[in-house]
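Novice: So that we are looking at the same thing, I have put the structure below in structure tokens.
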Amino acid sequence: MRKFFIVLLISLFIIISFGEQSFLTTPSQVESLARVHADEDVNKFWPFLGGFVFGIIAPIYNYVVEPEVPAERLVKLRSIIKSEDDYLIDIYVRAYKDEIKKIKVGMSFAGWGSFIALLAISISS
């Protein structure tokens, strides 16, 4: 009888822990997840270097070029969004692209500003 209760408790724990899957249900949850993923995925060095080397052209380029969402992000996202909430995927894609663009443009301007500051320091001394 004691073994039965132990097996029952373990089974209940497994069912409760792994049985329910949490789904994203609100646009704010999806947008915050997109921001986190974009921050993880973007390479900040190359836009900075582009701004340093190419000046104002790099921020303009990074603003005009549309970034893409990696396919593995969309596949994982599909598993945590219910099928009746497919509009949340569009919100995720828009937020992801906007965040990537914002980070890249900001880093390009930082690189350009660093070049201008370095140029000003070298000219003044």
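This table checks each residue for (1) loosely packed, with under 12 Cβ neighbours inside 10 Å; (2) at pLDDT 85 or above; (3) touching a Pro at 6+ places or on another chain (Cβ under 6 Å); (4) over 30 Å from Ser79 (Cα atoms).
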site: Leu8; (1), (2), (3), (4): yes, no, no, no
site: Ile14; (1), (2), (3), (4): yes, no, no, no
site: Glu31; (1), (2), (3), (4): no, yes, no, no
site: Arg35; (1), (2), (3), (4): no, yes, no, no
site: Asp39; (1), (2), (3), (4): no, yes, no, no
site: Gly50; (1), (2), (3), (4): no, yes, no, yes
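Novice: Same structure again: Out of Glu72, Glu68, Glu84, I need the residue that is at pLDDT below 95 and not in a helix (DSSP H, G or I). Which one?
Specialist: Details: Glu72 fails: not in a helix (DSSP H, G or I); Glu84 fails: not in a helix (DSSP H, G or I).
Among Glu72, Glu68, Glu84, only Glu68 is at pLDDT below 95 and not in a helix (DSSP H, G or I).
Novice: Could you tell me whether Ile103 is at pLDDT 95 or above, open to solvent by less than 90 Å² (accessible area, probe 1.4 Å) and in a helix (DSSP H, G or I)? Please lay out each step first, then the result.
Specialist: Numbers: at pLDDT 95 or above: yes; open to solvent by less than 90 Å² (accessible area, probe 1.4 Å): yes; in a helix (DSSP H, G or I): yes.
In short, yes.
Novice: Just to be sure, is Lys97 farther than 19 Å from Gly51 by Cβ and either assigned to a helix (DSSP H, G or I) or at pLDDT below 95 (or both)?
Specialist: Working: farther than 19 Å from Gly51 by Cβ: yes; either assigned to a helix (DSSP H, G or I) or at pLDDT below 95 (or both): yes.
It is true that Lys97 is farther than 19 Å from Gly51 by Cβ and either assigned to a helix (DSSP H, G or I) or at pLDDT below 95 (or both).
Novice: Here are the criteria: (1) in contact with a helix residue (DSSP H, G or I) (Cβ under 7 Å, 6 or more places away or on another chain); (2) of a type outside the set (A, V, I, L, M, F, W, C); (3) crowded, with 16+ Cβ neighbours inside 10 Å. Tell me which single one Tyr63 does not satisfy.
Specialist: Here Tyr63 meets the rest and fails (3).
Novice: Could you figure out which of (1) more than 30 Å from Ser108 (Cα to Cα); (2) modelled with pLDDT of 85 or more; (3) among the polar types (S, T, N, Q) isn't true of Thr25?
Specialist: It is condition (2) that Thr25 fails.
Novice: Does Asp90 qualify as being part of a helix (DSSP H, G or I), over 13 Å from the mean Cα position of the chain (by Cα) and modelled with pLDDT of 90 or more? Outline the logic, then answer.
Specialist: Details: part of a helix (DSSP H, G or I): yes; over 13 Å from the mean Cα position of the chain (by Cα): yes; modelled with pLDDT of 90 or more: yes.
Spelling it out, Asp90 is indeed part of a helix (DSSP H, G or I), over 13 Å from the mean Cα position of the chain (by Cα) and modelled with pLDDT of 90 or more.
Novice: So the check is Cβ under 6 Å with 6+ separation or different chains; which pairs have a first residue in the stretch 93-106 that's not hydrophobic (A, V, I, L, M, F, W, C) and a second one that's not in a helix (DSSP H, G or I)?
Specialist: These pairs meet every condition: Tyr96/Val69; Lys97/Pro67.
Novice: Where residues in the stretch 106-121 are open to solvent by 70 Å² or more (accessible area, probe 1.4 Å) and either within 22 Å of Val65 (Cβ to Cβ) or not β-branched (Val, Ile, Thr) (or both), which of them is farthest from the chain's Cα centre (by Cα)?
Specialist: Going through the stretch 106-121, the residues open to solvent by 70 Å² or more (accessible area, probe 1.4 Å) turn out to be 109, 112, 115-116, 118-119, 121.
Within this subset, residues satisfying the condition of being either within 22 Å of Val65 (Cβ to Cβ) or not β-branched (Val, Ile, Thr) (or both) are 109, 112, 115, 118-119.
On the way: Phe109: 20, Trp112: 24, Phe115: 28, Leu118: 32, Leu119: 34 Å.
Result: Leu119.
Novice: Here is a further query. Please name all residue pairs, on different chains or six or more residues apart, with Cβ atoms under 6 Å, provided the first residue is in the stretch 107-123 and is in contact (Cβ under 8 Å) with a residue 12 or more places away in the chain and the second residue is open to solvent by 50 Å² or more (accessible area, probe 1.4 Å) and not in a helix (DSSP H, G or I).
Specialist: Met107/Lys44
The values are calculated or read from the model by the stated rules, or taken from the named source; none is laboratory data. Note that this is a predicted model, so its numbers are computed, not measured. Note: ideal-geometry Cβ built from the backbone for every residue, glycine included; neighbour counts use all protein chains shown. These area figures cover heavy atoms from the full protein model, side chains too; ligands, DNA and RNA do not enter into them. Shrake-Rupley method; radii C 1.70, N 1.55, O 1.52, S 1.80 Å.
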